[in-house]
Amino acid sequence: MPATVLTANALLLDMDGTLVNSDAVVERCWQRWALRNGLDPEAVLKVVHGRQGYATMAVLLPDRPVEQNYADNRVMLAEETADTDGVVPIGGAGAFMDAIAALPHALVTSADRPLAEARMTAAALRMPDLRITAESVGASKPDPEGFLKGAAAVGFDPADCIVFEDSEAGIAAGRAAGMRVVGVGPRAAALSPDAHVEDLTQIRVEAAADGSVLLHISAR
């Protein structure tokens, strides 16, 4: 089957589940939080991916004061930053990051700066110079603010950017920003992104003569 080819001027990259597999840490930390708050850990894990922690807590405990969610979120971030056991790169992530090093791109993650640095370092991945982290936005994914700020950072219109995402909240945020989405991994498969890959080994990056980015996406 021939490769699908997408063209863009810039790439906006989620981190967890897209570049870095941090599921082991996420599950450990959120299972502890769920048990402390009398919630079913399995139900909690279905909604944690893609959002900032306080936003996940608001979904799960809608009647709880937001101040408590922010306080718990600070504890959660500290726990996740200190725990990098099992954090590994998504397949092909290292080669992919090398391939786009000279092309316009930015990290757009719900992690804060220390957590992003800890996980990218643990996965031995290059950290993009441009990054939109939790501190950069006032609203968590699925709000499009992060991706819109990412587009502004790379200097292109949203329609000229392609988002790489794994989660329902992240894909919704990319769409709300008016961007095309490449879904990465099993969570993205059922969410109808513009293209889907199991991991980043299915993508070959080419710089076009006009400065645009060609993504050659192979079937598996």
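With surrounded by fewer than 13 Cβ atoms within 10 Å (Cβ to Cβ) and either in a loop (DSSP other than H, G, I, E, B) or at pLDDT below 95 (or both) as the only criterion, which of A101, A111 stands out?
None of the other options fit; the residue is A101.
Tell me which residues, restricted to segment 158-179, are over 19 Å from D112 (Cα atoms), out of contact with any strand residue (DSSP E or B) (no Cβ under 7 Å at 6 or more places or on another chain) and in a helix (DSSP H, G or I).
Scanning segment 158-179 gives P158, A159, E168, A172, A176.
Any chance you could count how many residues in segment 42-68 are closer than 20 Å to R28 by Cβ and polar (S, T, N, Q)?
Total satisfying the criteria: 2.
Sort through G94, G50 and tell me the only one that's among the small types (G, A, S) and surrounded by fewer than 20 Cβ atoms within 10 Å (Cβ to Cβ).
Going through G94, G50 in turn, just one is among the small types (G, A, S) and surrounded by fewer than 20 Cβ atoms within 10 Å (Cβ to Cβ): G94.
What are the residues in segment 198-215 that are open to solvent by 30 Å² or more (accessible area, probe 1.4 Å), part of a loop (DSSP other than H, G, I, E, B) and small (G, A, S), if any?
A209, G211
Considering only residues of segment 122-136 that are touching a strand residue (DSSP E or B) at 6+ places or on another chain (Cβ under 7 Å) and outside any loop (DSSP other than H, G, I, E, B), which is surrounded by the fewest Cβ atoms within 10 Å (Cβ to Cβ)?
The extreme case among them is R131.
Give the number of residues within segment 160-197 that are open to solvent by less than 10 Å² (accessible area, probe 1.4 Å) and under 14 Å from the mean Cα position of the chain (by Cα).
Qualifying residue count for the region: 17.
Can you name every residue in segment 137-157 that is part of a helix (DSSP H, G or I), open to solvent by 40 Å² or more (accessible area, probe 1.4 Å) and without any contact (Cβ under 8 Å) to a residue 40 or more places away in the chain?
E145, L148, A152
So, in segment 10-47, of the ones that are in contact with a Phe, Trp or Tyr (Cβ under 9 Å, 6 or more places away or on another chain) and surrounded by fewer than 20 Cβ atoms within 10 Å (Cβ to Cβ), which residue ends up nearest to A111 (Cα to Cα)?
L45
From the list M76, M57, M120, exactly one residue is more than 14 Å from the chain's Cα centre (by Cα) and in contact (Cβ under 8 Å) with a residue 40 or more places away in the chain. Which is it?
M76
The values are calculated or read from the model by the stated rules, or taken from the named source; none is laboratory data. On a predicted model such as this, the values are computed, not experimentally measured, just so you know. When we count neighbours, we look across all protein chains shown, and the Cβ atoms used for this are built from the backbone with ideal geometry, even at glycine. Only protein heavy atoms, including side chains, enter the accessible area calculation; ligands, DNA and RNA are left aside. Shrake-Rupley method; radii C 1.70, N 1.55, O 1.52, S 1.80 Å.
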